[in-house]
Every structure is written in C-alpha cells, then in structure tokens.
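Worksheet: one structure, shown below.
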Amino acid sequence: AQSVTQLDSHVSVSEGTPVLLRCNYSSSYSPSLFWYVQHPNKGLQLLLKYTSAATLVKGINGFEAEFKKSETSFHLTKPSAHMSDAAEYFCVVSSYNFNKFYFGSGTKLNVKP
Amino acid sequence: DAGVIQSPRHEVTEMGQEVTLRCKPISGHDYLFWYRQTMMRGLELLIYFNNNVPIDDSGMPEDRFSAKMPNASFSTLKIQPSEPRDSAVYFCASSEGTSGGSFQETQYFGPGTRLLVL
C-alpha cells in the first residue's frame, strides 16, 4: 500500500531563514515523488519531482528535495525563505503501478518579515 | 498556452439544484483529472480520464456526481441534486501521457471552481 505523511501541518519561519518541510512515504516499490505548491485561491503548481533519477532534485524558486530510500523521506528545503513562499505545500507519491496519486495533508508555510 | 481553464470560477446555488462545472485541458494532454478540496478532507481525486475514457471513478462520492469528457478539449463534472456538503473547491488538472504512465508526469491544475451550496 502507498501512503504519504506530512509531519507538520503548519511551519513558520522568518524571511531569510531556511525552510524545511517534512514528508515521509510508504511504498512497496520505488515510487515517484512530487512536491506541489498552492498559493491562496490558486490551483496547485509543481515545484519538483523525483522519478528514479538523481536523488537530489532541484525545483523552481530555489527549492530542492532529497529522496532518501533508507529513511523513506522526501523532505523539501530552501536555504532562504522569501515572503512569496508563503503557501500550502503538498507532498505526493504515485503508486508502484502509476495508476494513483496519494496526496499528503499539506503543510502551510508562514513567512514572517 | 492558456493553461487549464475552468468555469465558472465561483458558483452559489441552492440545495437540490443541478450544478455543472466545466474544464478545458491543455491541448495535447491525454489525461484529465477532477479533484475536490475541502478543509475537512483535503484534496481528493474524484475521477480521471485517459483519451476521453473514464479510467478510475472510485473517488466519486456518490451517484449524484457524474463526469463526462465528450472530446479531448472539454470535460464536465455534474452534481444533481446538489447538497450543502458538496461545498468545496473543485479542480481540474491535465497531464501528458507517456509509456511510464501518467502519474509520473506533471499535472497542470486549473484555478478551480469554488462551489457553495446553500
């Protein structure tokens, strides 16, 4: 069975400080993993994805994530938060036969000036 | 490309009325997805189509919900009759299809339709 857990429902950081949004998954097989961002009143937008290539994945707006199979994690990081990063972030895993997406419950990132 | 287009952006209706949500996917995309987002349940996949054919509708909550894709450039999600618990934001998304399967590909989301059933 596939599932994904986002460990924090809310994260608050100051502008200019690092961002860490945590995601753990369970999968019987090597999964495909994604991070999507949703700004207020907008649809979701892909930040980055892992599909069994390099384990360190770079995305848009300075975000990156590292696939760690031994820890079943795919945490999202950014060295320096910007006010425009305030949004909700979703970690997503696809099933081994690629026929379903499993969305995490989301993490709301607040960036303080 | 204009991206995924959804209409209407906002819909307010009374319980018992029929509601039709519309979606135009990105040209050339083989897959189309309908999602529902609520505070209580988060983001839920309702149904998806491949080449206009419904593949998995296991997420459709009940018979009051139906979805069609008469051609590659148009899909509808209909609720009849609507109930207050259907109030949510409904998203349409589309993606390309490859030999690796659709769910490895990026999904492009529309702006959503915010539905309020009174």
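The values are calculated or read from the model by the stated rules, or taken from the named source; none is laboratory data. As the structure is a prediction and not an experimental result, all values here were calculated from the model. Glycine also receives a Cβ, built like all others from the backbone with ideal geometry; neighbour counts cover every protein chain displayed. Heavy atoms of the whole protein, side chains included, go into the accessibility calculation; ligands, DNA and RNA do not. Shrake-Rupley method; radii C 1.70, N 1.55, O 1.52, S 1.80 Å.
Observations
- Cβ separations smaller than 6 Å between residues 6+ apart or across chains give the following pairs from the stretch B:74-94 residues that are buried (at least 16 other Cβ atoms within 10 Å of the Cβ) to residues that are among the charged types (D, E, K, R): B:Ile79/B:Arg64; B:Ile79/B:Asp86; B:Ala88/B:Arg36; B:Val89/B:Arg114; B:Tyr90/B:Arg36.
- Conditions (1) part of a strand (DSSP E or B); (2) touching a Phe, Trp or Tyr at 6+ places or on another chain (Cβ under 7 Å); (3) farther than 19 Å from B:Tyr108 by Cα; (4) touching a residue at least 60 places away in the same chain (Cβ under 8 Å); number of the one not met by A:Val92: (3)
- Consider the stretch A:67-87 and keep the residues that are under 10 Å from the mean Cα position of the chain (by Cα) and open to solvent by 40 Å² or more (accessible area, probe 1.4 Å). The one that is farthest from A:Pro40 (Cα to Cα) is A:His75.
- Extreme residue, nearest to A:Tyr50 (Cα to Cα), among residues of the stretch A:63-72 that are at pLDDT 95 or above and not in a loop (DSSP other than H, G, I, E, B): A:Ala65
- Elements of type strands (runs of 3 or more DSSP E) in the stretch B:40-118, at least 1 residues being on the phi > 0 side of the Ramachandran plot and within 10 Å of chain A (Cβ to nearest Cβ): B:42-50
- Test: residue in the stretch A:24-34 that is at pLDDT below 90, in a loop (DSSP other than H, G, I, E, B), in contact with a strand residue (DSSP E or B) (Cβ under 7 Å, 6 or more places away or on another chain) and small (Gly, Ala, Ser): yes
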